[in-house]
Amino acid sequence: MSLRRRKRDMIADALKSATEQWKEEHGWGSNHSLLNHLHGSSSKAPVPVPVQVPTDAEQPSDEPLPPLPVTPAVELSLPPLEHDVWRVAQYASVCTLIAMSTTAVTTKKNGDAKFEKLAIATLEYGLKNSSDSQPSLLRQLLLRPWIDGRSAVEWAIINNCQLFLANARVQSVIEDSWYSHGPTHWQDVPNHPCAVWKQFTCPRSLRVISDYLALWCAPRYQAILGLVVGLVYLGLHLATLANVDYIAEEPRPFEYAYYVFVSSDMLLELSRILSNPWGYLAQPSTYLSLTTAGLLTASMILRFVGLAADSIEEMDIYLLWSFYLLTWATPLMIFRLVLWFDDLHWQVYKARRLIGQCVMDALWVAVLGVFTLAAFWAGLAALQRGDVGALTMLRQLALGALHAPAISDTLFYQPNVAAVLLFCYLFVIIVVVGTLFIASFLTTLLSAYPRIDDLRRTFLAKRSIKQPSYRVFLPSVAIELVIVLFELVLVHVFRMKRGESAALIWLERTRQVIWFIIYLPVILVLGVIEGIAFLMRRGRHVLSGYQLLK
């Protein structure tokens, strides 16, 4: 019994000693040795512990254990998110993502544009994994309406997705849309204005002409035509203004054409107000166009009334005031050149936009100036009642607001008392109100210029995505009124449906034919210019290739 206990103690001591030695070799010593190692007091060699080895029969086997099978980790790889988006939405994927983006203040403040980045990634993924040609696919993804009748570029403008609009591929599609046939080709969409001619088979020899005529409903060609019509209108106005016999004789033949433009201008402005009054009046350019049309219409009416008057005195008065209104409208007509150039040049649009924004932001200062003028006018007009008329005093105070005071005429009676009022008025209107005007303008410009690149991208996108249409210009306003009346009768009286009634389709064809007849000179001249430019480009290309071969 004692021998068995002794062997058991020997085996336990051997295992304990081996365990301690293994811990020492691997740095798992006891707390005492660990503390000695940390405090640098373990310079002495460790005292070996005698190990009693058991007999051969009692020793454990030294054979190593078989290694455990190691299974390599499988790397899980998920497809990118744009893969799933493209698989679900296909061509509508980019438009859907841009429509889901937001312009919340917190989003823009934190620089979070996840939907825009995902839309760009989906666009690149679709280009790589689609068999369609790249230009056609880009137009399908970016310019075709998918969500609520709007395309991806339209939703980017609405949601102010500047990261998306700044993408190189998006910019190339926008530029191609402006310089080509617009956002959609006339054979791709059913609601295109030229779709009414699809029932007719065009010979191959005339297909070039039909495609060129279809280009004239694109935004760029409509902008060019609007500029040409505006220049003709301005030329007729200046010719009428230069007529030295304006007051003495009947209107000349070109003046009758000018008055057709004036009447059409007024009718067009009134129709825009009636169709969308709040949206039209919210634009600063409305007041320039409406004021000009009103002055010219009043001048035209006064001239014809004066020519029909019985007495010479009445005729002279009417004709003289007609000429006055004509001269007052002349600067406004020249300013309207900016509106006619609006879609054609970025610098012109930038100037108009900044000036309009400055004026709108400074309206409160203008109201303050008007109150100041009215307050001092009441006092000075009462003080000078016997010598200077009220309207004359108002004119002199208005000139003083423009830094041109007529001091001697204003202080004609009781100069000492009136000088106090005049001094206070000039100080308030020139120093205070004038400084506020300048400060308001500078504040608007300083806040707008950091966003000028965003404004430019939005401008380029807006002018390119305008839906194709044969717009109404001044020479065709009368024809449009007649056609619109016929259309209203057919729709509301005879209950015909648009797009299905043969009578309405033929009415639209008639309108387009008349439209082309009216503007045929411009179409032919621009066609010749573009043809010459095309031949010059082809000639340079051929010559450059010949020089390379040589």
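The values are calculated or read from the model by the stated rules, or taken from the named source; none is laboratory data. All of these numbers come straight from a predicted model, not from anything done at the bench. Cβ sites come from the backbone with ideal geometry, for glycine too, and all protein chains shown count toward neighbours. Surface areas here come from the heavy atoms of the whole protein model, side chains and all, with no ligands, DNA or RNA. Shrake-Rupley method; radii C 1.70, N 1.55, O 1.52, S 1.80 Å.
One line per residue, one yes/no per condition, for (1) of a type in the set (S, T, Y); (2) open to solvent by 50 Å² or more (accessible area, probe 1.4 Å); (3) under 16 Å from V196 (Cα atoms); (4) not in a helix (DSSP H, G or I):
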| position | (1), (2), (3), (4) |
| --- | --- |
| P468 | no, no, yes, yes |
| R498 | no, yes, yes, yes |
| W515 | no, no, yes, no |
| L543 | no, yes, no, no |
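On inspection, S476 does not qualify as closer than 30 Å to L504 by Cβ and outside any helix (DSSP H, G or I).
Among the residues of this structure, T292 does not count as one that is under 18 Å from P331 (Cβ atoms), among the hydroxyl-bearing types (S, T, Y) and free of Cβ contacts under 8 Å to residues at least 40 places away in the same chain. Only a single criterion out of (1) part of a helix (DSSP H, G or I); (2) surrounded by 18 or more Cβ atoms within 10 Å (Cβ to Cβ) is not satisfied by Y246, namely (1).
Residue count for the range 85-100, restricted to those that are hydrophobic (A, V, I, L, M, F, W, C), buried (at least 20 other Cβ atoms within 10 Å of the Cβ) and over 12 Å from A156 (Cβ atoms): 2. Before we move on, is R463 at pLDDT 90 or above and open to solvent by less than 70 Å² (accessible area, probe 1.4 Å)? Here the answer is yes, as R463 does meet what is asked.
If you filter the range 78-105 down to residues that are outside any helix (DSSP H, G or I) and β-branched (V, I, T), you find that the one that is modelled with the lowest pLDDT is T103.
Which one of these is open to solvent by less than 60 Å² (accessible area, probe 1.4 Å) and over 19 Å from W321 (Cβ atoms): P253, P277? Selected residue: P277, the only one of P253, P277 that is open to solvent by less than 60 Å² (accessible area, probe 1.4 Å) and over 19 Å from W321 (Cβ atoms). Within the range 299-325, residues that are touching a residue at least 24 places away in the same chain (Cβ under 8 Å) and surrounded by 15 or more Cβ atoms within 10 Å (Cβ to Cβ) reach partners that are β-branched (V, I, T) and assigned to a helix (DSSP H, G or I) with beta carbons closer than 7 Å, at six or more positions or on different chains, in the pairs M300/V262. Looking only at residues in the range 194-210 that are open to solvent by 50 Å² or more (accessible area, probe 1.4 Å) and closer than 22 Å to V528 by Cβ, the one that is modelled with the highest pLDDT is I209. Could you tell me whether L141 is in contact with a Gly (Cβ under 7 Å, 6 or more places away or on another chain) and at pLDDT 80 or above? Yes, satisfied. Exactly one residue among V228, V232 is in contact (Cβ under 8 Å) with a residue 40 or more places away in the chain, open to solvent by 40 Å² or more (accessible area, probe 1.4 Å) and β-branched (V, I, T), and that residue is V228. Out of the range 212-243, which residues are in a helix (DSSP H, G or I) and of a type outside the set (A, V, I, L, M)? Matches in the range 212-243: Y212, P219, R220, Y221, Q222, G226, G230, Y233, G235, H237, T240.
Tell me whether the range 329-352 contains one or more residues that are of a type in the set (A, V, I, L, M, F, W, C), exposed (fewer than 14 other Cβ atoms within 10 Å of the Cβ) and farther than 30 Å from P251 by Cβ. Scanning the range 329-352, I find at least one residue that is of a type in the set (A, V, I, L, M, F, W, C), exposed (fewer than 14 other Cβ atoms within 10 Å of the Cβ) and farther than 30 Å from P251 by Cβ, so the answer is yes. Contact map, the range 484-513: first residue small (G, A, S), second residue outside any helix (DSSP H, G or I) and open to solvent by less than 70 Å² (accessible area, probe 1.4 Å), Cβ cut-off under 8 Å, separation 6 or more or different chains; pairs are A503/M496. Selection of the range 128-178 for residues being open to solvent by less than 70 Å² (accessible area, probe 1.4 Å) and among the acidic types (D, E) yields D132, E154.
Got at least one residue in the range 199-212 being of a type in the set (F, W, Y), out of contact with any Asp or Glu (no Cβ under 6 Å at 6 or more places or on another chain) and over 30 Å from K462 (Cβ atoms)? Yes, the conditions are met somewhere in the range 199-212. Residues being farther than 25 Å from L485 by Cβ, of a type outside the set (D, E) and within 28 Å of the chain's Cα centre (by Cα) are entirely absent from the range 248-268. Among the residues making up the range 259-274, those that are over 18 Å from W340 (Cα atoms) and open to solvent by less than 60 Å² (accessible area, probe 1.4 Å) are Y259, S263, S271, I273.
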